[in-house]
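This report concerns only the one structure given below.
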Amino acid sequence: KLEKKSAKINDVIFCTAIQHIFRNYLTVRMGLDFHALTTNQFIPAFNSATCGVVNGFIVDNMEAIVEIFRRMDYVRFAKNSIDSNKLPKEKYAAALHPGEREEILETSRAIIKLFDRGK
């Protein structure tokens, strides 16, 4: 659904939606409420939920989710900040780059599929 309406929504709404999807998914999948956690709390919460017993594959996927959340947080909250006005704009602008939405959607789908398969 998000992909279909992606062109009609702004970057902040898109980023918020991605985070909401992942928070819902992780809450159901891990049995731990990810809705109230900050991005920096994800890895410790994940380790707690799994009692620290996970393979490298799962850790890599969780780190990829955190990476997506950090980018989404920046786009959502850095608008008009000093950092967002730095050069080069491609690196610091608080906006998604051309093609970045598609990349995020593709990566998110892949993470969820791999997470569910466990491989």
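What does the highest-first list of 64-71, 39-46 look like by mean Cβ count within 10 Å? Provide the component values of the computation, followed by the final result.
On the way: 64-71: 17.2, 39-46: 15.6.
The peptides rank, most packed first, as 64-71, 39-46.
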Open item on the list: Taking all protein chains in place and a 1.4 Å probe, what share, in percent, of the accessible surface of the chain do carbon and sulfur account for?
Closed with: 56
- [ ] Report, to the nearest 10°, how far helix 100-117 tilts away from the longest principal axis of the Cα atoms in the chain, using its own Cα long axis and a range of 0 to 90°.
- [x] 0
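To the nearest 20 debye, what charge dipole does the stretch 15-89 have about its Cα centre, counting +1 at the Cβ of each Lys and Arg and -1 at the Cβ of each Asp and Glu? Don't skip to the answer; put the middle values down first.
Details: 8 positive and 6 negative charges, 69 e Å.
With only Lys, Arg, Asp and Glu charged at Cβ, the dipole is about 340 debye.
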- [ ] Report residue 20's accessible area, 1.4 Å probe, all protein chains in place, as a number in Å² to the nearest 10.
- [x] 100
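With a 10 Å radius around each residue's Cβ, average the other Cβ atoms per peptide and rank 47-57, 99-109, highest first.
Sorting 47-57, 99-109 by mean packing, highest first, produces 99-109, 47-57.
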Open item on the list: Students often forget the sequence filter, so: which aspartates and glutamates lie under 19 Å Cα-Cα from residue 5 once same-chain residues fewer than 8 apart are removed?
Closed with: 100, 102, 103, 106
Task: Under 22 Å from residue 4, Cα to Cα: lysines that are on another chain or at least 8 residues apart - done: 113
TODO: Compute log10 of I(q)/I(0) for the stretch 25-119 with the Debye formula, placing one identical point scatterer on every Cα and leaving out solvent, at q = 0.12, 0.23 Å⁻¹, to two decimals.
DONE: -0.46, -1.20
Task: For the stretch 15-31, 3J(HN,Hα) per residue [Karplus equation, 6.51 cos²θ - 1.76 cosθ + 1.60, θ = phi - 60°, Hz, x = Gly/Pro] - done: 4, 4, 5, 4, 5, 4, 4, 5, 4, 4, 4, 5, 4, 5, 5, 9, x
- [ ] Find which of 21, 43, 55 sits farthest along the positive direction of the dipole of the stretch 1-96, computed with +1 on the beta-carbon of Lys and Arg, -1 on that of Asp and Glu, about the Cα centre.
- [x] 21
Task: Sum of -39500 (n - 2.57) over DSSP H runs of 4+, divided by residues of the chain (222 nm, nearest 500) - done: -20000 deg cm²/dmol
Task: Square roots of 5 times each gyration tensor eigenvalue, C-alpha, the stretch 1-57, largest first, Å - done: 27, 11, 10
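The values are calculated or read from the model by the stated rules, or taken from the named source; none is laboratory data. Predicted model, so just to flag it, every value in this text is computed and none were measured. Positions of Cβ are backbone-derived with ideal geometry, glycine not excepted, and every protein chain shown enters the neighbour counts. Heavy atoms of the whole protein, side chains included, go into the accessibility calculation; ligands, DNA and RNA do not. Shrake-Rupley method; radii C 1.70, N 1.55, O 1.52, S 1.80 Å.
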